[in-house]
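The structure under discussion appears below in the form of structure tokens.
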Amino acid sequence: MLRKTALTVAVAFTLAASAAWAQDPRVEISGTAGWTFSDGVGGETAVNVPGVGTFDSIGPKDAFSWGARLGFNVTPNVEVGFLFNQQSTNYELGGTTNVDLADVSVYNYHGYFAYNFGDSDATVRPYVLGGLGATQYGSLSTPAGDVGGETQFSSTWALGLKMFPNPKFGLRLEARWTPTYIMSDPEGYWCDPYWGCYTVAEAEYSNQFELSGGITLRF
């Protein structure tokens, strides 16, 4: 009789928890806006432009950014989704002086996994996020002619805070880092007795650090 009672209580508790989770919001749609701090990559050989300067790096300048994302809560704490972000900025040549090259837009496309701490109905929920995808550098027009855009593999990592004054509406604060692989520079040779000698390269990344805020709607 005791075992039967315990089993009945366990089943009832499981069904009640499942029913409560089924009523919780499963979908989150967010819009964000913020400021992105960017850096570019350097070259091994500096380029001299007579009358202008000597340049050894190129990259996007810090600028305003905005984004949107769609998330699905697969459990009360685990979220998967997709995020898009755009930074409208300028390419800047760096060296003995800094020169704006041309306007450019930088786009991020990432699928992500997030873990939301706390209960699903908590008014404040910290979270961590990681994702994989691509960063696209848009085409640009220069006095020397048009240059096509380029898309590279990138990851994205974030820490954030969600605040829900209402079960269906919330605010979001986030700090996000997006490193984008650009190229690998040869650094020399490495030799071992089993595999022989081969070239060793150092990967170069262009980084974006975004501080943003936004709103979230839950369904």
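The values are calculated or read from the model by the stated rules, or taken from the named source; none is laboratory data. Computed from a prediction, not measured in an experiment: that's the story for all the values here. All Cβ positions, even for glycine, are placed from backbone atoms using ideal geometry, and neighbour counts span all protein chains on display. Heavy atoms of the whole protein, side chains included, go into the accessibility calculation; ligands, DNA and RNA do not. Shrake-Rupley method; radii C 1.70, N 1.55, O 1.52, S 1.80 Å.
Using a cut-off of 9 Å between beta-carbons, work out the net charge of the residues near Asn85 (Lys and Arg +1, Asp and Glu -1, Asn85 not included).
It works out to a net charge of +1.
Can you give the local net charge around Asn108? Use residues other than it whose beta-carbon is closer than 15 angstrom to its beta-carbon, Lys and Arg +1, Asp and Glu -1.
Result for the neighbourhood of Asn108: -1.
Could you compute how much accessible surface Val106 exposes when probed at 1.4 Å, giving the result in Å² to the nearest 10?
So the heavy atoms of Val106 present about 0 Å² to solvent.
Can you give the accessible area of Thr151 in Å² (nearest 10), computed on protein heavy atoms with a 1.4 Å probe?
The accessible area of Thr151 comes to roughly 80 Å².
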